[in-house]
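Just so you know, all these numbers are worked out from the coordinates, no wet-lab data involved. Being a predicted model, the structure only gives us computed values, none of them experimental. Reconstructed Cβ throughout: ideal geometry from the backbone, glycine too, with neighbour counts over all protein chains shown.
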Amino acid sequence: MSKSSKYDPGEPKTMYTMKYLVKRVLLYVLTLFLAITINFIVPRLIPGNPIEARLAALYRLGVHIGGEEFVAKYSKLFALDQPMYVQFFLYLSNLIQGNMGFSILYFPASVMDILMRGLPWTIGLLSVTVIMSFAGGLVLGAFMGWTNREGKVSRWTSFVFTIFMLLSRFPFFLLGMILVYVFTYTLFLFPYGGGVDPQAIPGTIEYIVSILQHATLPALSIVLAQLGGWAIEARGLMVNVLGEDYLFLAKAKGLKERYIFRQYAMKNTTLPILTDLVIALGSIASGAILVEIVFSYPGIGSLLYMSVMQLDYPMIQAVSLLVVFGVTTAALLIDLVYPFLDPRVGEK
Amino acid sequence: MNRHQRLGFLSRLKGLRVVVENKKILTGLCMTVGWYIFAIVASYLSPYRPRTIGDVPVNLPPSWEHPLGSDPLGRDIFTQLVHASINSMQIGFTAGIVAFMVATLLGLIAGYHGGILDSVISLVTEIFITIPSLAILLIVAAVIGRIEVITMALLLAVFGWAFPCKVLRSQALILKERGFIKLARLSGANGLEIVIKSILPNMLPFLGAWFAFVVIGAMEAEAGLELIGLGPQTIVSLGLMLNWAMRHVAFTRGLIHWWLPPALVLVWIFVGLFIVSFGLDEIGNPKLKVK
Amino acid sequence: MEKRLLEVQNLKIYYKTTTLPVRAVDGVSFSVKKKEILGLAGESACGKSTLASGILKLIVPPAYMAGGKVLYRGKDLYGMSEEELRQIRWKSIAFSPQSSMNALNPVMKICGQFSDAIEAHRGKKRKKDLIKHISNLLRSVALPPRIAEEYACNLSGGMKQRVVIGMGMALDPELIVADEPTSSLDVVVQRGVLEMFVALKEKQDTSVMLVSHDIAILAEVADRIAIIYAGKIMEIQDVMGIFEEPLHPYTQALIDSVPSFKTKGIPRSIAGLPPDLRNPPSGCRFYPRCYKAMDICRKEEPKYDEIGPGKFVACHLY
């Protein structure tokens, strides 16, 4: 028997092809390249030596940093006296090595060091909140759609739906402000500012509890605002799926309701929504940054804010680049895994 | 008008009626436009100036004369609020219109014509969608320094066009395969005619819903940038009010009359626009009705 | 009585609208015996599909059941619990939908969609047995067994239709309700499917309720044919009787509209359009288009009666 007629289902047969892989990776590389280039070009649009211009701007704000030494070091590092393409090449090679320069504000600390201090906080906050909102919203929304499939919508669903709709319109930071006012200022339930109590000793239970306490409100702002949106979308998708012929046939086959919900309804609802997650990652990241600023949470967002306030250009560039990198990489990962889940995608 | 033209006109009127009768659209429009009109009227009636420091005594609590009190720099908050509302909405709508027109143009071209043009446009769109706009906006805004209002609106538009463009393109692709479009092509209508007469009218609820989304997105991005302090400092906007509030640590000082109103107005406008878009969605797909 | 597998009594299925309900199936009565193929013929939008899905209570809002009974082996399918009905579905009565373009779950392999029906009614089976069973089913609808490994998006319309028919046979049901099973197939495959139905009847005593607008197909395989028009049954007779001596004028018109080798020229079509089922005309529903219409046909609705052994008709001529 030739291989094609032996059909012991071992390998999942997908549409995964080289074409799809190449296309996705190409997009990824192009996007990053574009971001990096913008990052490179924009500061250099200002006439004159960018370092000196920055120093002048800072001087106006009343900030003095070792002038000559700083300019000299930077000029040499970035070869500002050399033609543009040499600079660009240098910039790229530095970047690959992870060298993003020195922070003006925390000089002589390197940008990388400071980033590493803030990164874990942001990653922790983002990963937990995104997973919670997405998964939670998906399940809730699908459930809302499924339980109202006979056509008439229950009052409970209407109510929840309206709440979700209202909540989903709040930008994360607005919700954060309100939560701060209610829970921190008025009720003294949660702390404000920072990621952990500075007096807590790392490794102790107290430390962990403190982390959770400080993270609750920021996380809540993100989750409450996001969950509704996903739920509404999931419900819409579920409504569409319920009208499909294959669901009709599933019922005709006499399959159990729970089974139909899992294998026919849920699966077909989850997959399209996953692609939307990829697209939403950008705005979620942006929103999270603003939330950190509102809460003075010690992540990348607050770092960005302070850099902007102090015109710490290397820092600003680095954070922006990092965010772009993070989002596009996450998107790429999801895109690469997707064809394994959905047999229709993969570009045959 | 001959009989056919009259029928077409009547059916379009009927279409308008469906739109107006839809409770959601009506509610949403009232919320948004209503507030806008209120703000304009109030801004004319108010004797105070929103940005002049020392205009009124500092830190006044809310009263009849000053419905929202005054801020630590001596400006009437209510006046700030109404002026800010007008400005924010105008920036948002301008950016929204620009972004939407670009999105419609590119999306329809890409979807309908296909070919190389489609591939190029699609690629560019994908890139713009993936890049988190705030990051790039921050770089640009921070470096450029003082931004004019127009620059701001354009910047917002730059990142607002991508997603609607993608959606509109796929919608155009779907419609392109529909029977009546193919028929139009066969009967000799050229591309532009088909797009304007046949495709666009069928996408109207869809377009309207997405326009509302684009405006929301632009206003949200603007508020975000202003919050960080990167927007045009020359006019008052809702985000700028929040930025001032944050700088003066209004949250923990309990100056709720300063930061809550702009926040609520933002949400009010967003919800209003969202309801409109949701209502338009329901017109397109009546199965989605919830209430 | 004991030979009657399925008995439909005065079934009414209406569609809710913002105005009057659409009376898609308006008091339909017939029965299906064991080991017979009953054809249900009628033009488009006469209610046949609604009727077909209504038998297994598969109607979707805005459709609703407005009266009547569907008795399977004496038990009313509309009166029993959901669980009882679920067990009857597919195992005793299978359904083959009209359009299979979207009838298959896009994210499940074909073999999975066979096995879930099998296992839902017969409990878990060994993989080897399942594979064998599915291969046989696929072969019987002229499909290569490797199709089981495919996803629906890789199959053509005709293949999907055959898969769905194959799925219907998976549990050896006593009755298969097939709604236009051959519409999207080429004539060769059509023949195969029809022959398969006949083989099922002969070898496994399976009954088939075959719904089709193509009376020629029904002529080939059906034992009895029911003619439905505007939501009501006009005539039921055995196949020979219907073609040799059609009782109802509509039946005659249907037969005349089929081109044949014997008569030359353009076949006669039926003038007019089917009535609006929200507001059906008083009297006989076929009255406006009937070439044998009489005065009484306009005023009074003809009673549906058995005028001879196995011959049912609703017409004032009798």
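Residues A:W156, B:W258, arranged from fewest to most other Cβ atoms within 10 angstrom of their Cβ, appear as A:W156, B:W258. Taking the Cα atoms of the range C:34-153, the ratio Rg/Rh between the radius of gyration and the Kirkwood radius comes to 1.00.
Across the range A:248-305, counting alpha-carbon atoms alone, Rg and Dmax equal 20.2, 59 Å. Of the cross-linked pairs A:K253/C:K35; C:K264/C:K311; A:K253/C:K91; C:K12/C:K34; A:K251/C:K160, those separated by over 20 Å at the C-alpha level are A:K253/C:K35; C:K264/C:K311; C:K12/C:K34.
FRET efficiency for the pair C:D205 and C:Q9, taken as 1/(1 + (r/R0)^6) with r the Cβ-Cβ distance and R0 = 30 Å, rounds to 0.80. Each Lys and Arg adds +1 at its Cβ and each Asp and Glu adds -1 at its Cβ; summed about the Cα centre, the range C:1-50 shows a dipole of about 140 debye. Partners of B:K24 within straight-line reach, counting aspartates and glutamates whose Cα lies under 15 Å from its Cα and excluding those fewer than 8 residues away in the same chain: B:D281, B:E282.
Among the DSSP beta bridges whose two residues both lie in chain C, what percent are antiparallel, rounded to the nearest 5? In chain C, approximately 60 percent of DSSP beta bridges are antiparallel ones.
Considering Cα pairs under 8 angstrom that are at least six residues apart, work out the relative contact order of chain C and quote it in whole percent. The value is 21 percent.
Against the empirical 2.2 N^0.38 Å (N residues), the range C:88-234 has a Cα radius of gyration ratio of 1.04.
Spacing of the modelled spin labels on A:L274 and A:F33, each 7 Å from Cα toward Cβ, amounts to 2.9 nm. Size check on the range A:126-260: the Cα extents along the three principal axes, sorted descending, read 65, 31, 19 Å. Across peptide B:263-270, the mean count of Cβ atoms from other chains lying within 10 Å of each residue's own Cβ comes to 4.
Between C:M101 and B:N59, the simple spin-label model (points 7 angstrom out along Cα→Cβ) gives 7.1 nm.
Shown here are the Rg and Dmax of the Cα trace of the range B:147-256, at 21.1, 70 Å.
Given 0.36 nm per residue, what is the gain on full extension from C:D129 to C:Y64 after removing their alpha carbon distance, in nm?
Values: separation 65, 0.36 × 65 = 23.40 nm, distance 4.02 nm.
Taking 0.36 nm per residue and subtracting the Cα distance, the gain is 19.4 nm.
Here the dipole of the protein assembly as shown is about 2300 debye; that uses its Cα centre as origin and unit charges on the Cβ of Lys and Arg (positive) and Asp and Glu (negative).
Given a Förster radius of 35 Å and the C-beta distance between A:A135 and B:L73 as r, what FRET efficiency does 1/(1 + (r/R0)^6) yield to the nearest 0.05? Intermediate results must be reported in sequence, preceding the final value.
Details: r = 45 Å, r/R0 = 1.30.
Taking R0 as 35 Å, the efficiency between A:A135 and B:L73 is 0.15.
Would you list the P(r) distribution for the range C:26-68, with all Cα-Cα distances sorted into 5 Å bins from 0 and each bin expressed as a whole %? Result, from short to long distances: 5, 17, 29, 26, 16, 6, 1 percent.
Run the numbers on the range C:225-318 and let me know its relative contact order in percent, using alpha-carbon pairs under 8 Å that are six or more apart. The normalised contact order for the range C:225-318 reaches 29 percent. Along its three principal directions, the equivalent ellipsoid of chain C from the Cα gyration tensor extends over semi-axes of 35, 22, 18 Å, largest first. Using every pair of separate Cα atoms, the Kirkwood estimate puts the hydrodynamic radius of the range C:1-76 at 13.0 angstrom.
Within the range C:71-137, the ratio Rg/Rh, alpha carbon atoms throughout and Rh by Kirkwood, equals 1.03.
Averaged over the residues of A:256-264, the number of partner chain Cβ atoms lying within 10 Å of the residue Cβ comes to 3.
Mind jotting down a quarter of the surface of the convex hull over the alpha carbons of the protein assembly as shown, in square nanometres, one decimal? Write down the numbers at each step before the final one.
Working: hull surface 204.0 nm².
Result: 51.0 nm².
Dipole orientation for the range B:42-158: of the candidates B:I121, B:V102, B:P61, B:P61 has the Cα lying most toward the positive pole (charges on Cβ; Lys, Arg +1; Asp, Glu -1).
With 0.36 nm allotted per residue and the present C-alpha distance subtracted, the A:L21-A:M112 stretch has 29.6 nm of extension available. Rounded to the nearest 0.05, the FRET efficiency derived from the C-beta distance between C:K262 and B:L183 at R0 = 45 Å is 0.70. Extending 7 Å from Cα along the Cβ direction at C:T18 and again at A:S154 yields two label points whose distance is 2.9 nm.
Each of B:V276, A:V196, C:V28 has some number of other Cβ atoms within 10 Å of its Cβ, and from fewest to most they run A:V196, C:V28, B:V276.
Over all directions, the projected convex hull of the C-alpha atoms in the range A:277-328 averages 3.4 nm² in area.
Which whole number in µm²/s is D for the range B:60-212 by Stokes-Einstein, with the Kirkwood Rh taken over Cα pairs at 4 °C and 1.567 mPa s? Once the numbers are plugged in, D ends up at 71 µm²/s. Were the residues from A:N99 through A:T147 laid out at 0.36 nm apart, the gain over their Cα-Cα distance would be 11.9 nm. For the range C:157-298, the residue among C:Q237, C:P274, C:M159 whose Cα projects farthest onto the positive side of the dipole built from Cβ charges is C:P274. With all pairs of separate Cα atoms included, the range C:206-263 yields a Kirkwood hydrodynamic radius of 11.9 Å. Shielding of peptide B:219-229 by partners, expressed as the average count of other chain Cβ atoms within 10 Å per residue Cβ, is 4.
Ranked by how many other Cβ atoms sit within 10 Å of their own Cβ, fewest first, the residues A:F164, A:F325 fall in the order A:F325, A:F164.
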